[in-house]
Structures are given as structure tokens and as C-alpha cells.
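Asker: Shown below is the structure under consideration.
The values are calculated or read from the model by the stated rules, or taken from the named source; none is laboratory data. Everything numeric here is computed off the predicted structure, so don't read it as measured data. Backbone-built Cβ (ideal geometry, glycine too); neighbour counts: all protein chains shown. Side chains are part of the model used for accessible areas, which takes the heavy atoms of the whole protein and leaves out ligands, DNA and RNA. Shrake-Rupley method; radii C 1.70, N 1.55, O 1.52, S 1.80 Å.
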Amino acid sequence: MTDTTHTLTTGGPDSGLDERLGKELDAFNKEASGCAPEEFTVRVDDAEGNLVGGLSGWTWGDRAGIALLWVREDSRRDGWGGRLLAAAEAQAAARGCRSIMVSSFTFQAPAFYARHGYEETARIPGFPGGHEDVYLLKPLKAS
């Protein structure tokens, strides 16, 4: 769509746009809240340097969130998910966070998070295959 001064387009993935939107929203959120979100990552590699698993998250004020957590299929029963989670929780607590949140589809890992002390706070239905998006929250101990 085009008018005389603007052009509106749609398309596929756009990492440059994602990066710009993130920067703009972070600046807006900092102005509104007085603090800026900060990202962090946790990763584990095997002896050959291959990724076994990783976690990306963020802290903002006294709240933390897990954006992504993944463990390689052949390592999913070796405790790496729990260790990644514990490291993220420790990082969040060290930054002064009082709680950490995550969402997980019903076909992913809500039971995993529940086993690690996360409590369900909301459930959004209507995803493909009859699945739901489960939101979970865990209080953190101050470090």
C-alpha cells in the first residue's frame, strides 16, 4: 500500500526490522519505566564444541523472563535443561529479580517448568493441533 508520502509492505522474516523494533521498544520502555531490559544467555557445549543446549532470557527491573530454551534431543534426559534453568534463575537473582516467567506450548515443556517450581498463571487456547500456550511464573530468592 502506498500513499503520497509512505509505503506499507509485508514480507517474510526481516532481522534488520526486528533489531530496530527491539531498540525502539527498549528505549520507549526505559522512558516509561525508568529502567531498560537487559538480555542474557546460558549455553552448554560438548567436548567437540557442538551446542548441547541453550537459553536466552531477559531481565527488566525485578522481573526476568525466559525467551527460548532448547536442549539437543540426544541430551534431553541428561539434566541439562534443569541446569540451564538454574543458571538463568541465578543470573536473574544476581540482577535483583524477584521472579521469572516463561511461556510454553502444551506440546513443549510446561510439566518440566512445573517440576522446577514454576506455577501456571494463564493458559491461552486456540493454537494448531488443539494446543495451548501456558504461562508460568516462579518466585526467586534474593542472591
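Asker: In this structure, is Arg63 open to solvent by 90 Å² or more (accessible area, probe 1.4 Å), within 19 Å of Pro139 (Cβ to Cβ) and touching a residue at least 24 places away in the same chain (Cβ under 8 Å)?
Answerer: no
Asker: A further question follows. Return the total of residues in segment 18-29 being among the basic types (Lys, Arg) and under 18 Å from Gly57 (Cβ atoms).
Answerer: So the count comes out to 0.
Asker: Kindly indicate whether Ala142 is in a strand (DSSP E or B), out of contact with any Ser or Thr (no Cβ under 8 Å at 6 or more places or on another chain), loosely packed, with under 13 Cβ neighbours inside 10 Å and at negative phi.
Answerer: Criteria not met by Ala142.
Asker: Check whether at least one residue in segment 115-134 is among the charged types (D, E, K, R), open to solvent by less than 70 Å² (accessible area, probe 1.4 Å) and more than 24 Å from Thr59 (Cβ to Cβ), and report yes or no.
Answerer: Yes: segment 115-134 contains one or more residues that are among the charged types (D, E, K, R), open to solvent by less than 70 Å² (accessible area, probe 1.4 Å) and more than 24 Å from Thr59 (Cβ to Cβ).
Asker: Kindly list the number of the only condition in (1) closer than 23 Å to Lys141 by Cα; (2) open to solvent by 50 Å² or more (accessible area, probe 1.4 Å); (3) charged (D, E, K, R) that fails for Glu89.
Answerer: Condition not satisfied by Glu89: (2).
Asker: Can you name the residue in segment 67-77 that is of a type in the set (D, E, K, R) and at pLDDT 95 or above and, of all such residues, is least open to solvent (accessible area, probe 1.4 Å)?
Answerer: Checking each candidate, the answer is Arg72.
Asker: Here is a further query. When only residues in segment 1-52 that are part of a strand (DSSP E or B) and over 24 Å from Ala88 (Cβ atoms) count, which is farthest from the chain's Cα centre (by Cα)?
Answerer: Thr2
Asker: Is segment 77-100 home to any residue that is among the hydroxyl-bearing types (Ser, Thr, Tyr) and closer than 23 Å to Leu51 by Cα?
Answerer: Looking through segment 77-100, none of the residues is among the hydroxyl-bearing types (Ser, Thr, Tyr) and closer than 23 Å to Leu51 by Cα.
Asker: Another question about this same structure. How many residues does segment 28-60 hold that are open to solvent by 50 Å² or more (accessible area, probe 1.4 Å) and of a type in the set (Val, Ile, Thr)?
Answerer: 1
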